[in-house]
Amino acid sequence: MEKPPFRQNQSCGDWELKERLGMGGFAHVYLYQHHETTEKLAVKMCRLELTPRNKDRWGREIQIMKKLNHINVVTARDVPEDILSIALNDLPLLAMEYCSRGDLRKMLSKPENCCGLKESEVLSLLNDVGSGIQYLHENKIIHRDLKPENIVLQDINGKLVHKIIDLGYAKDLDQGSLCTSFVGTLQYLAPELFENKPYTVTVDYWSFGTMVFECSCGFRPFLHNLQPVQWASKVRNKGPKDIMAVEEQNGEVKFSTHLPYPNNLSRTLSEPMESLLQLMLKWDPVQRGGKISPDTKKPKCFEALEQILSMKVVHILNMTTAQVHSFQLTTDESLHSLQKRIEAETKIEVVNQELLQETGVSLDPRKPAAQCVLDGRGWDSYIVYLFDKSINTYSGPFSARQLPDKVNTIVQEAKIQMPLVVLKKVWGEAVSYICGLKEDYSRLFQGQRAAMLSLLRYNTNLTRCKNSMFGFSQQLKAKLDFFKSSIQYDLEKYSDQMHYGICGRGDGTSEEPVRSTPRRQNGAAVSVNAV
């Protein structure tokens, strides 16, 4: 017997059922909203018919959720009294915080993400999910079912935060460090899990590495079109540093130690990302993740992750060529040092470089080069625009975005036949290429806008200086007029003294002695000094 069919706007006291958020193998998740406070809760409830094994899994999930408290793990909430009444069996309900931005799979399914997320989004995923996994492991819990569907997104103070959900398959390591039973999604599982072999926390490293690769490139790393049972035998003997395997049209499996093109990662970040994935995607579970550091007590993979997140990378868009240059900053590197590196790569001399922020403000040469980096965000979020002051017209040549090989093949040979699987991949790369062109033009437009804002700022400063100079000139003119009138007045008095004497005029009229003459002279002297 199943639960009654879902009906929107059902009420449970002060709580209203808004929608069904998801359906799992043995449970459904519903969204409830409070009438007065508008608070939202995600409520997970089991179907009526559960096997004893699934009942145990459900109880374990609630038990684990209630003892966890971390920003990157979804938080359990108390089930309101009104909602408790909807339970149709003896199985408890699980109330959780509601994450309004959906899950990671929804983000990956967007057309613009066919070939991976933006660099800043990949870095955010690394930080959040990596932190959540470490928290679970520190609490002696392995998740065992990490996948994009189990990563939800929430806006917190304007920042997108990733949260791990669905701990139904999680295993408490206090029950034994090696586990042998598991039933879950196979696509992201470590090899030892779907082979039903003993496993440890390193299974989460494999799942995490698979997700990071997919978020970086748009597809899973190893023969993503095949089921794990099919690709396991072909990938088993991969090299220790291989992070990708694709099957050619002739059936040959080709391995690679590098991330494929196209993707949205800068050159500066690609190499450390490849090193991180090489640690997480080792086939041998004992070697996977690298050795534990005696100092930090962390596996090498998480040390590599922290090094990536601590990198200070500045991204410069050369407006004369439309090319983006990335530079990793050293500790306390000066702006002049960065400009010398820019000169070596772009051939634009330091004296001719104009570096503008998106607001049109020039970089301050007195401050370190780190002023270019805002909170470690990726280049798609923040970029510095480089202009060459020695030329007035930018005539190119402008660097064009590289066309993916298979897309170029179709462009050159429009009637070429390809298998449907390959064709879908080519379509995705074509969409990604077009979205990339849109981003390129948008950045150039932002660069032009920065230049216009800079010119407006210069014009404002010049106008302010002009007005200030005009004010000073008016003051000087007034002082000069006063000086001239004072001199004229004094000369007239001196002339009167010469003709009529100090005490009176020749016509018998008396006049006050000209005792103020020295003061006038002093006043004139003051005016001269002022001028």
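Loop-located trypsin sites (Lys or Arg not before Pro) across the stretch 189-293 with a Cβ neighbour count of 11 or fewer within 10 Å are R236, K291, with loop assigned by DSSP. Applying a threshold of 24 Å to the alpha-carbon distances of K110/K147; K140/K163; K44/K106; K163/K197; K254/K406; K238/K415 flags K163/K197; K238/K415 as lying beyond it. Anisotropy class assigned to the stretch 217-298 is oblate, per the alpha carbon gyration tensor with a/c at or over the 1.5 cut-off and a/b no larger than b/c. Selection among A451, N467, F483 by position relative to the dipole of the stretch 421-484 gives F483 as farthest towards the positive end (Cβ unit charges, Cα centre). When both bridge partners sit in the stretch 100-310, DSSP labels roughly 95% of those beta bridges antiparallel.
Its Cα centre serving as origin, the chain has a Cβ charge dipole (Lys and Arg +1, Asp and Glu -1) of approximately 500 debye. With a cut-off of 13 Å between beta carbons, the residues surrounding G132 carry a summed charge of -3, where Lys and Arg count +1 and Asp and Glu -1.
Between the residues N139, C217, I156, the greatest Cα displacement towards the positive end of the dipole of the chain, with unit charges on the Cβ of Lys, Arg, Asp and Glu, is found for C217. Here the calculated FRET efficiency for N157 and L456, from their Cβ-Cβ distance with R0 = 35 Å, stands at 0.65, rounded to the nearest 0.05. When we measure straight from the Cα of K466, which lysines land under 30 angstrom away, once same-chain ones fewer than 8 places off are left out? Cα-Cα hits under 30 Å: K367, K389, K477, K479, K484. Classified by the C-alpha gyration tensor, the stretch 273-372 has a prolate form. Its axis ratio a/c, with a ≥ b ≥ c, is 1.5 or above, and a/b is larger than b/c.
Full extension of the chain between F470 and M418 yields a length gain of 11.3 nm, computed as 0.36 nm times the residue separation minus the alpha carbon distance. A straight chain from R105 to L403 at 0.36 nm per residue would run longer than the Cα-Cα distance by 104.6 nm. For the chain, the share of DSSP beta bridges that are antiparallel, to the nearest 5, is 90%. Going 7 Å from the Cα of Q307 along its beta-carbon direction, which residues of the stretch 271-294 have the amide nitrogen within less than 20 Å of the resulting point? Only 271-283, 287-294 pass the distance filter. Shown is the FRET efficiency for F255 and L50, computed with R0 = 51 Å from the Cβ-Cβ distance and rounded to the nearest 0.05: 0.75. Classify the stretch 1-98 from the C-alpha gyration tensor, please: rounded if a/c falls under 1.5, else prolate or oblate depending on whether a/b exceeds b/c. Since a/c reaches 1.5 but b/c is at least a/b, the shape of the stretch 1-98 is classed as oblate. Shape descriptor for the stretch 200-256: Rg over Rh equals 0.96 (Cα atoms; Rh from the Kirkwood inverse mean 1/r).
Coordinate-derived values only; no laboratory data. Source: prediction; values computed, not measured. We place every Cβ from the backbone using ideal geometry, glycine too, and count neighbours over all the protein chains shown.
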